[in-house]
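Each remark here refers to the structure printed beneath this line.
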């Protein structure tokens, strides 16, 4: 297997690592049944942190490209067993943001409600960790990673693998919207609003209040759309 090249900023993100590994799988360099290099080896090859590698592996797993086995590592799975996946390496045109949000709204809103009903201690711990990383003075890149992790954790907390698969498949598209919002406004301007919105979602899920979680996620999605210049009008 050929060595990977370090990923340079602003591509120093899990989605970029996942896209590179996906290309290896699609080209047949990594075949079904092959074991991915260890976290340590990938960290050295890509010259990124272990946290970034873990997020990239989680994305590949969510997309059904790999499976992880306790104590053994991550393995490429048979193509027939793969789940839904989009071409995450393809650049996203800004005009496609509206289509993305029209898909995200019902998925994320219902995911939040189900997470409030089915979340376990591990999910609450992961949400706490994501919140801490988003507000703990981390770099912009780390904040973006934590934001994506927050939403992936909610998908996992639903207990429904389809939410994990579908939201995992569009995670790179979501990354585009987060970056775009930070271009339109400074992180300092956005941060307090995003923190408030995530805190409301977190607290509703913690309390087990499905209706409150649904409302908090709806508000977050609508405000997120506004931050990339969209005004969405819902039927209800």
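Here, each number is a calculation from the coordinates, and none is a lab measurement. Computed from a prediction, not measured in an experiment: that's the story for all the values here. Ideal geometry is used to build each Cβ from the backbone, glycine not excepted, and the neighbour counts take in all protein chains shown.
Some points to look at:
- Nearest-0.05 FRET efficiency for residue 191 and residue 51, computed from C-beta distance (R0 30 Å): 0.90
- Relative to the globular-protein estimate of 2.2 N^0.38 Å, the Cα radius of gyration of segment 94-226 stands at 0.96.
- Segment 14-81 - Rg over Rh from alpha carbon coordinates, Kirkwood radius: 0.93
- For segment 26-59 and segment 151-169, distance of Cα centres in Å: 21
- Spin-label model distance (nm) - residue 117 vs residue 207, 7 Å beyond Cα toward Cβ: 1.8
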